[in-house]
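The values are calculated or read from the model by the stated rules, or taken from the named source; none is laboratory data. What you see is a predicted model, and the numbers here were worked out from it, not measured in a lab. Backbone-built Cβ (ideal geometry, glycine too); neighbour counts: all protein chains shown.
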Amino acid sequence: MMIIGVDYHPSFQAIAFLIEETGECGEEELNHSDGQAEKFYRELKQRGICVRVGMEATGYSRWFERLLAELGFELWIGDPAEIKTRRVKKQKTDRKDAQLLLRLMRENNFPQIWVPGPENRDLRQLLWHRHRLVQMRTRIMNQLQALAMNEGYRWKKKLFSEQGRAQLEKLTLAPWLLELLDRLNPTIEELTAAVEQEARKRPDVLRLMTHPGVGPLTALAYVMIIGTPKRFLRGLHRAQTIDPGFRMKNVAAIALDLNGAGYDNQRTEALQRQLLQRIAALPGVNATA
């Protein structure tokens, strides 16, 4: 196993490495633009060396992460704030940072964090791109509303009907804004269809969509942002240690998923009332809620 600490920069990376089997160690600086870094890692793959790379969370490293995934190398992403607290000396250089990352990995003290995978990031970008275009469309529609109101037309949503569009085309500047609106609408529809298609592929997204008011956009965005529940284990542990203000002893909590059984809101509320009444009648039960 070869362990590599990488101090990553957009144009180059400083590395410190150790080969565990032989004890061989060293330091290098690899440029990105001339392909030196990519050549270095591909040569390691050709030599059949297992590699684990550790680096701080940073931007502009998508290509590097894809390269390591392609080569089958293990990548650890560290929390920059936690890594900073573990720096013994205040002196900070690229070489020292790479050595620190290598040392933390060797000591099994590397503050690894969860990062989204390539597919997750691509879907986030899809959602973000659509969101930006919808914002642009909203601004254009607001400008058209302002133009109409200045001319005495207060039609609100009716402004974008056939009759309203005919009136808008007579106003100054409105034709150019309408042209931009006509360009945006098909693109937004295509992106929306792509999002809905991706949402249908994921059971967790479909499950969220069973809740009233939750559509494919909201459900897919939630799943992509949350990622894995394992990210929140520390928060769950802390929540369990917080004093809730009442005694937890002899308190029982029950969770029921009735949406999957076909219950609507009215039937769900009725069933909940019946269950609370029956539970309250049981011996030893002091209160229900």
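Filtering Glu190, Glu169 for residues that are acidic (Asp, Glu) and modelled with pLDDT of 90 or more leaves a single hit, Glu190.
Total residues in the stretch 82-106 satisfying the condition of being among the hydrophobic types (A, V, I, L, M, F, W, C) and either surrounded by fewer than 17 Cβ atoms within 10 Å (Cβ to Cβ) or farther than 28 Å from Glu21 by Cα (or both): the figure is 1.
Candidates Ile77, Ile15: the one that is within 19 Å of Val115 (Cα to Cα) and under 30 Å from the mean Cα position of the chain (by Cα) is Ile77. Restricted to the stretch 56-77, and to residues there that are farther than 13 Å from Pro10 by Cα and of a type in the set (A, V, I, L, M), the residue that is modelled with the lowest pLDDT is Ala69.
Taken together, Met55, Met2 contain a single residue that is under 18 Å from Leu100 (Cα atoms), surrounded by 13 or more Cβ atoms within 10 Å (Cβ to Cβ) and over 28 Å from the mean Cα position of the chain (by Cα), which is Met2. Against the condition free of Cβ contacts under 8 Å to residues at least 60 places away in the same chain, in a loop (DSSP other than H, G, I, E, B) and surrounded by fewer than 14 Cβ atoms within 10 Å (Cβ to Cβ), how does Lys158 come out, does it pass? In short, no.
Might you let me know whether the stretch 134-142 holds any residue that is surrounded by 13 or more Cβ atoms within 10 Å (Cβ to Cβ) and either assigned by TED's automatic domain parsing to the domain that holds Arg52 or more than 30 Å from Val223 (Cβ to Cβ) (or both)? Looking for residues that are surrounded by 13 or more Cβ atoms within 10 Å (Cβ to Cβ) and either assigned by TED's automatic domain parsing to the domain that holds Arg52 or more than 30 Å from Val223 (Cβ to Cβ) (or both), one finds at least one in the stretch 134-142, hence yes.
Candidates Leu220, Leu178: the one that is within 18 Å of the chain's Cα centre (by Cα) and surrounded by 14 or more Cβ atoms within 10 Å (Cβ to Cβ) is Leu220. Looking across the stretch 140-173 at every residue that is out of contact with any Phe, Trp or Tyr (no Cβ under 9 Å at 6 or more places or on another chain) and among the hydroxyl-bearing types (Ser, Thr, Tyr), the one that is nearest to Leu184 (Cα to Cα) is identified as Thr172.
Would you mind finding the one in Arg273, Arg202 that is outside the structural domain of Arg124 (by TED's automatic domain parsing) and basic (Lys, Arg)? On inspection, the qualifying residue turns out to be Arg273. With the structure loaded, tell me whether Val205 is aliphatic (A, V, I, L, M) and either under 20 Å from Asp122 (Cβ atoms) or at pLDDT 95 or above (or both) or whether it fails that test. For Val205, the condition - aliphatic (A, V, I, L, M) and either under 20 Å from Asp122 (Cβ atoms) or at pLDDT 95 or above (or both) - is met. The set of residues in the stretch 242-271 that are surrounded by 10 or more Cβ atoms within 10 Å (Cβ to Cβ), at pLDDT 80 or above and out of contact with any Leu (no Cβ under 8 Å at 6 or more places or on another chain) comprises Glu269, Ala270. Within the set Pro216, Pro244, the sole residue that is within 30 Å of Asp122 (Cα to Cα) and not charged (D, E, K, R) turns out to be Pro216. With respect to the conditions (1) aliphatic (A, V, I, L, M); (2) at pLDDT below 85; (3) touching a strand residue (DSSP E or B) at 6+ places or on another chain (Cβ under 8 Å), Leu104 lacks only one, and its number is (2). Within the stretch 226-259, track down each residue that is free of Cβ contacts under 8 Å to residues at least 60 places away in the same chain and of a type in the set (Lys, Arg). Answer for the stretch 226-259, where residues must be free of Cβ contacts under 8 Å to residues at least 60 places away in the same chain and of a type in the set (Lys, Arg): Arg234, Arg238, Arg247, Lys249.
Return the residues of the stretch 22-41 that are assigned to a helix (DSSP H, G or I) and surrounded by fewer than 14 Cβ atoms within 10 Å (Cβ to Cβ); say none if nothing qualifies. Scanning the stretch 22-41 gives a single hit, Lys39.
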